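First the structure, in the form of structure tokens, and then the observations on it.
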């Protein structure tokens, strides 16, 4: 128990020092410089600075600082950076943290991740925190760690009204105009209307329905949507059925023969968010090109 507690304290206690280091260094610095500043300030020995995890080979101390920095970014005390420079936000300049405050920030984000991953929390915050700490001990923030929920998980767990509004916002990013979210009691199965200007002479009128699903949307729901589309008083050219789930093969076949119907499933929805970078932060991951390095590999004939 004590060992776990130390690990938790060692990780969280660097939140404040990172902010202090950046203030002293003019607001931005490379991780190496921040590590040196904290090492000197707190008299950290070379043995600790150079200690590595046995399994991954990751430097323990630098990994703790990197994860502390990640939480400070989520808390908007540090700005995101594409060039490996850690930078204070305006809030970061004005914020000083002790260990208790830092630990509160950590638990806050544990709870956020828990709520986004599960509609109803399946385990205590402390248990979730322990699992997150275990993941962080052997992984760097840039690695693919199952910590933050996926975009699809987030979309599946926002409120129904919020999802309707968000779909309207997404259509706006794709140049739709006159977006109208209907009143729930009067929508008749329609969640919103919009128009798309195809050219100076032609506008395309659409209405859309938004369904938060984690599984397959029943085909009868698609058929009911078509019925609403055909009997709706407002004349439209397209009906968009947007879901975080998936559609059955039968529904996809219906779409093929109905030119007014457009089905947007969870995978396509995620692609649409990513394409316009709405609510997501792009990351660049470098992988070695093995074909390139092959020419430098030693072969038996070269020995």
Of the residues in the stretch 109-134 that are within 19 Å of residue 159 (Cα to Cα) and part of a helix (DSSP H, G or I), the one that is modelled with the lowest pLDDT is 117
Sort through 260, 238, 249, 275 and tell me the only one that's at pLDDT 90 or above and surrounded by 15 or more Cβ atoms within 10 Å (Cβ to Cβ).
-> 238
Residues that are surrounded by fewer than 17 Cβ atoms within 10 Å (Cβ to Cβ) and in a helix (DSSP H, G or I), drawn from the stretch 75-103 | 90, 91, 93, 94, 99, 100, 101
Lone unmet requirement of (1) touching a helix residue (DSSP H, G or I) at 6+ places or on another chain (Cβ under 9 Å); (2) in a loop (DSSP other than H, G, I, E, B) for residue 71 = (2)
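To keep it simple, each residue is scored yes or no on (1) farther than 13 Å from residue 217 by Cβ; (2) touching a strand residue (DSSP E or B) at 6+ places or on another chain (Cβ under 6 Å); (3) touching a residue at least 12 places away in the same chain (Cβ under 8 Å).
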residue: 246; (1), (2), (3): no, yes, yes
residue: 250; (1), (2), (3): no, no, yes
residue: 258; (1), (2), (3): yes, no, yes
residue: 263; (1), (2), (3): no, yes, yes
Sole residue being closer than 24 Å to residue 134 by Cβ, over 22 Å from the mean Cα position of the chain (by Cα), in the same structural domain as residue 129 (by TED's automatic domain parsing) and crowded, with 18+ Cβ neighbours inside 10 Å, chosen from 106, 61 = 61
Residue 226: part of a helix (DSSP H, G or I), free of Cβ contacts under 8 Å to residues at least 12 places away in the same chain, surrounded by 11 or more Cβ atoms within 10 Å (Cβ to Cβ) and in contact with a strand residue (DSSP E or B) (Cβ under 9 Å, 6 or more places away or on another chain), yes or no?
-> no
Residue that is modelled with the lowest pLDDT [pool: residues in the stretch 1-26 that are exposed (fewer than 15 other Cβ atoms within 10 Å of the Cβ) and in a loop (DSSP other than H, G, I, E, B)] = 1
Sole exception among (1) closer than 26 Å to residue 115 by Cβ; (2) touching a strand residue (DSSP E or B) at 6+ places or on another chain (Cβ under 6 Å) for residue 154, by number | (2)
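The values are calculated or read from the model by the stated rules, or taken from the named source; none is laboratory data. Everything numeric here is computed off the predicted structure, so don't read it as measured data. So basically every Cβ, Gly included, is an ideal-geometry build from the backbone, and we count neighbours across all protein chains shown.
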